[in-house]
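Written out below as structure tokens is the structure these notes cover.
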Amino acid sequence: SLTTIGHMAFYECVGLKTITIPASVTSIGELPFEFCFALTGIHVAEDNAYFSSDEHGVLFNKEKTVLLEAPGGITGAYEIPDTVTSIAAFAFEESSIASVVIPGSVQSVGGGIFVRCFELTEVTIEPGFTEIGGEMFSRCDNLTSITIPETVTKIHMTAFAGAKSLAEIRFEG
């Protein structure tokens, strides 16, 4: 009978490891799993008409055009699906992701998507992507390499603030 998961509903549930969102949920507020560092999977019932998840436990809208939130405990490499056109603010905040590929299909990004992703070392942005948002990679202390295609026309202020190890930026095209 659960229909709504509110804004920051599970804030700082540091012991939470997995969650299954039932088919009855029709609304999820912003950052529902903020600072849930042990969370390794957000799973959505297949018959949910509004939301979905992938094999990595990342939360999307049903059509997988909007990436809503990655679990804080996500590790390793992650390739954002090319169905995604929008990424919510702080979607990967403080996750343990090591590398990411952002497809050119992404046209809209919220602020601070990868803020404080301390394990993130490499980012590849595919052609078609146009704008690196404010604080997008802020405090990614171990980010050493990023590839930026010629389709990027704007890099916002503080996009790489505090990325202490950033040694190589490749502009392609």
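The values are calculated or read from the model by the stated rules, or taken from the named source; none is laboratory data. Quick caveat, the model's predicted, so the values are computed rather than measured. Here the Cβ is made from the backbone with ideal geometry for all residues, glycine too, and neighbour counts use every protein chain on show. Quick note on the areas: whole protein, heavy atoms, side chains included, nothing else; ligands and nucleic acids left out. Shrake-Rupley method; radii C 1.70, N 1.55, O 1.52, S 1.80 Å.
The residue pairs whose first member lies in region 131-154 and is under 15 Å from residue 115 (Cα atoms) and among the charged types (D, E, K, R), whose second member is in a loop (DSSP other than H, G, I, E, B) and open to solvent by less than 10 Å² (accessible area, probe 1.4 Å), and whose beta carbons are closer than 8 Å, counting only pairs six or more residues apart or on different chains, are 135/112; 135/115; 135/159; 139/115.
In region 69-78 there is at least one residue that is touching a Gly at 6+ places or on another chain (Cβ under 6 Å) and on the phi < 0 side of the Ramachandran plot. Can you name the residue in region 66-86 that is part of a strand (DSSP E or B) and closer than 16 Å to residue 123 by Cα and is also least open to solvent (accessible area, probe 1.4 Å) among such residues? Of everything passing the filter in region 66-86, 78 is least open to solvent (accessible area, probe 1.4 Å).
Look through region 46-60, keep the residues that are assigned to a loop (DSSP other than H, G, I, E, B) and in contact with a Phe, Trp or Tyr (Cβ under 9 Å, 6 or more places away or on another chain), and return whichever of them is farthest from residue 83 (Cα to Cα). In this case the residue turns out to be 56. Screening residue 52 on (1) small (Gly, Ala, Ser); (2) under 23 Å from residue 118 (Cα atoms); (3) crowded, with 17+ Cβ neighbours inside 10 Å shows it passes everything except condition (2). Of 94, 63, all but one fail to be open to solvent by 10 Å² or more (accessible area, probe 1.4 Å), among the acidic types (Asp, Glu) and either at pLDDT below 95 or not in a loop (DSSP other than H, G, I, E, B) (or both); the exception is 94. Within region 126-142, being open to solvent by 10 Å² or more (accessible area, probe 1.4 Å) and either in a strand (DSSP E or B) or within 18 Å of residue 171 (Cβ to Cβ) (or both) holds for 126, 127, 128, 130, 131.
Once region 1-22 is narrowed to residues that are polar (S, T, N, Q) and over 18 Å from the mean Cα position of the chain (by Cα), the residue that is most open to solvent (accessible area, probe 1.4 Å) is 1.
Here is the figure for region 143-173: residues that are under 11 Å from residue 122 (Cα atoms) and not in a loop (DSSP other than H, G, I, E, B) total 5.
Residue 60 meets all of the listed conditions (1) in contact (Cβ under 8 Å) with a residue 40 or more places away in the chain; (2) under 28 Å from residue 129 (Cβ atoms) but one, namely (1).
The residue that is surrounded by the most Cβ atoms within 10 Å (Cβ to Cβ), counting only those in region 97-109 that are in contact with a Phe, Trp or Tyr (Cβ under 7 Å, 6 or more places away or on another chain) and part of a loop (DSSP other than H, G, I, E, B), is 106.
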